[in-house]
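Student: Got a structure for you, questions after.
Quick note: the coordinates plus some simple rules give every number you see, no bench work behind them. Here the structure is a predicted model, which means the values were calculated and not measured. With ideal geometry, Cβ positions are generated from the backbone for all residues, glycine too; neighbour counts draw on all protein chains shown.
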Amino acid sequence: MKRIKAVYPGSFDPPTNGHLDLIERGSKIFDELVVAILRNPEKDPLFSVTDRRQMLESMTEGFDNVSVDTFHGLTVDYALRVEARAILRGIRAISDYEYELQMALMNRKLQPGLETVFMMPAEKYSYLSSRLVREVAELGGAIDCLVPELVAQKLREKMDVAHKFDEGDAAARQESELKVAERMTPERVTERKTKSRKRKS
Ligand code: PNS
């Protein structure tokens, strides 16, 4: 019997519970599933490819038939290279459909032998996206039910670092404001006002 291998391509920045749900579903219908992270030098991701790979590897270690890889270039070329016969993509809501259809049809045009298979994650994840997770985390919201614990931990670490940078900025700002204030003796304020009046007249 032919074994069917599929590729699940994406950015996974970061991987969410929705992605994990889809991986689990995919692992049940395909003999082999490769989660393939796109290496896109034009994008400025929150997590490096190495971080994303690590997170996905840890999230999927319980699945015997799931592996994680990275790729660049066309998804169809990568799929052919690893001898996959299908591309797995998730559709959460009708709003995903147009983009996914366009992509699936373009991929079919490029490689007619490859099929795109759409699966729906559990309804409870239908609102979930990496972009929203990043936004909620950046603004200090709770992300624990949205991503696996390891990802939540990594996000918290990232946000702590970002926060420290902000605090650093604030401290630097305060210091420079103090320096300006120190220079502003009453005599200097009067001198400045006089100069300004002269300029206006
Ligand atoms: O998780 P994302 O960002 O929705 O994934 C999009 C992805 C990586 C599947 C898509 O951008 C892609 O396949 N990029 C690789 C380049 C490619 O094949 N482009 C033509 C697609 S029709």
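Student: Hey, among the residues in the range 79-134 that are in contact (Cβ under 8 Å) with a residue 24 or more places away in the chain and part of a helix (DSSP H, G or I), which one's nearest to the ligand (Cβ to nearest atom)?
Tutor: Out of the qualifying residues, it is Asn107.
Student: Could you list, in sequence order, the residues of the range 33-78 that are over 25 Å from Glu135 (Cβ atoms), among the hydroxyl-bearing types (Ser, Thr, Tyr) and either exposed (fewer than 15 other Cβ atoms within 10 Å of the Cβ) or within 11 Å of the ligand (Cβ to nearest atom) (or both)?
Tutor: Thr75, Tyr78
Student: I'd like the residue in the range 3-21 that is part of a helix (DSSP H, G or I) and over 14 Å from Val68 (Cα atoms) and, out of all such residues, is nearest to the ligand (Cβ to nearest atom).
Tutor: The residue in question is Gly18.
Student: Return yes when Lys43 is among the basic types (Lys, Arg) and in contact (Cβ under 8 Å) with a residue 24 or more places away in the chain and no when it is not.
Tutor: Yes, satisfied.
Student: Working only within the range 98-142, note down all residues that are over 21 Å from Leu33 (Cβ atoms) and among the charged types (D, E, K, R).
Tutor: Scanning the range 98-142 gives Glu98, Lys109, Glu123, Lys124, Arg131, Arg134, Glu135, Glu138.
Student: Consider Arg85 against the criteria (1) surrounded by 15 or more Cβ atoms within 10 Å (Cβ to Cβ); (2) within 22 Å of the chain's Cα centre (by Cα); (3) not aliphatic (A, V, I, L, M): it satisfies all of them except one. Which criterion is unmet?
Tutor: (2)
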